[in-house]
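Rule-based calculations on the coordinates, nothing more; no lab input. Values in this document were obtained by computation on a predicted structure and should not be read as measured data. Cβ atoms come from the backbone with ideal geometry, glycine included; neighbour counts cover every protein chain shown.
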Amino acid sequence: MPRMQLTRDQRRDCQLLRSIGWRYKQIQEKTGFSQHQIQYACTSPATPTKRSGRPPTLTQAQIEDLIGYVCMSARNRRLSFQQLAEELDLGVGRWAIRAALIKEGFHRRLAMRKPPISERNRVIRLQWAQDHVNWTQPQWNSILWTDETWITGGRHTRTWVTRRAGEEWDPTCIVEKHQRKKGWMFWGCFHGDIQGPGIFWEKDWGSINSESYCAHTVPIIHGYMELCRRNGINLILMQDGAPGHAAGDTTIELRERGIEVIQWPAYSPDLNPIEKVWHIMKNYLQDNFPENMTYDRLRVAVKTAWDNVGEHEFRDLIESMQARCQAVIDANGLFTKY
């Protein structure tokens, strides 16, 4: 007989023959069951264990087709279980689709948000990572990492709560949403484990463009790099490809001031370690300051958060640069976890 689960009556027959002195070999010859089945029947309860759960409604071939369809494109990844059931027409509903995918390790989760990467940008990112993956620590320390961020008070991360079903509207499970949260643009820089200057983008400076960037930020960069040069530290400026940074007038201004700029691949925040600094600051604000603050109070809070970033955090970020480059290489120039 094929190796299958014995019925209750078959197991009772084995147990009866065993109880009157038959050997396993004799029972096997009499019944045709395998010796393993007989041993299991004689040492376990007479009533077979009922299999848990409903039997699958999709065949393995259908499940493989389902997985292939889901993984085919970004559009298919975003389809709900109901939409998958309607499009594939497998003769089952969304619950069968859901059960099959969960069994294979698929769950509905929030999509990660990343900047777009064109084929051209992918090639440039990959080449940049390959050119810099073997840089030494002193070489990474010679980069002045800069960037701007928009900072508001209160929470900047999603809030998870522990609750029972039906408690979603309990006041203890609610995060209050405030419209038009006050915020402030902040620019900062660092090199090695040394924190550079940080400045607030004042209200009367207007939007960040080439003119305002050259008028307010570039002089700070120039003055700080000159100070470092007098102390024997020669720095290279890193700035992303924001319009105010990449404009022709900005390029001319930097060149006239003698500021060397490292070539930077577009849409590559994962290669700029200062992005992590913004998360550190926002976490500090989230934990230590209220959500609704006046502009004057927010200004003080942001400065406190900037000053709270420690040397070890800057050092850890610089030490991650080789891993960041390797991650881009491993991803063939596409998205990484950073």
Item to check | Point-to-point label distance, GLN263-ARG297, nm (Cα→Cβ direction, 7 Å offset) | outcome: 4.9
Checklist entry - At q = 0.07, 0.11, 0.12, 0.13 Å⁻¹, what log₁₀ I(q)/I(0) does a Debye calculation on the Cα points of the chain give, no solvent, two decimals? => result -0.54, -0.91, -1.02, -1.12
Checklist outcome for this item: Within the chain, the percent of DSSP beta bridges that are antiparallel, given to the nearest 5, stands at 75
Checklist entry - Stretched out fully, how many nm does the piece from ASP65 to GLN326 gain, at 0.36 nm a residue minus the Cα gap? => result 90.6 nm
Item to check | Interchain or long-range residues, amide H under 5 Å from LEU144's placed H | outcome: ILE236, LEU237, MET238
Checklist outcome for this item: Cβ density ranking, 10 Å radius, fewest first, applied to VAL302, VAL261 yields VAL261, VAL302
Item to check | ³J(HN,Hα) computed for each position of segment 257-269 - Karplus, 6.51 cos²θ - 1.76 cosθ + 1.60, integer Hz, glycine/proline x | outcome: 8, x, 8, 7, 10, 6, 5, 10, x, 5, 6, 10, x
Item to check | Lys pairs under 24 Å by Cα in the chain, provided they are eight or more residues apart or on distinct chains | outcome: 20
Item to check | the chain: calculated mean residue ellipticity at 222 nm from DSSP helix runs of at least 4, using -39500 (n - 2.57) | outcome: -13500 deg cm²/dmol
Checklist entry - Size of the dipole of the chain about the Cα centre, Lys and Arg at +1 and Asp and Glu at -1 on the beta carbon, nothing else charged, in debye to 20? => result 2380
Next on the checklist: Can you find, among ILE102, ASN209, LEU237, the residue sitting farthest towards the positive end of the charge dipole of the chain, where Lys and Arg contribute +1 and Asp and Glu -1 at Cβ?
Outcome noted: ILE102
Checklist outcome for this item: Expressed in nanometres to one decimal, the distance between label points 7 Å along Cα→Cβ at TRP205 and ASP9 is 8.8
Checklist outcome for this item: ILE233 neighbourhood, Cβ < 15 Å, K/R = +1, D/E = -1, net charge -1
Next on the checklist: Starting from 0.36 nm per residue, how many nanometres of slack lie between ARG230 and GLU87 once their C-alpha separation is accounted for?
Outcome noted: 44.7 nm
Checklist entry - Relative contact order of the chain: what whole-number percent is it, with Cα pairs under 8 angstrom and at least 6 residues apart? => result 20
Checklist entry - Which FRET efficiency value, to the nearest 0.05, do you get for GLU311 and SER118 by plugging their Cβ-Cβ distance into 1/(1 + (r/R0)^6) with R0 = 30 Å? => result 0.20
Checklist entry - Of ILE199, GLN37, VAL261, whose Cα points farthest to the positive end of the dipole of the chain (charges on the beta-carbon: +1 Lys, Arg; -1 Asp, Glu; origin at the Cα centre)? => result GLN37
Checklist entry - Put +1 on the Cβ of each Lys and Arg and -1 on the Cβ of each Asp and Glu in the chain; which of GLY68, VAL302, GLN26 then has its Cα farthest toward the positive end of the dipole? => result GLN26
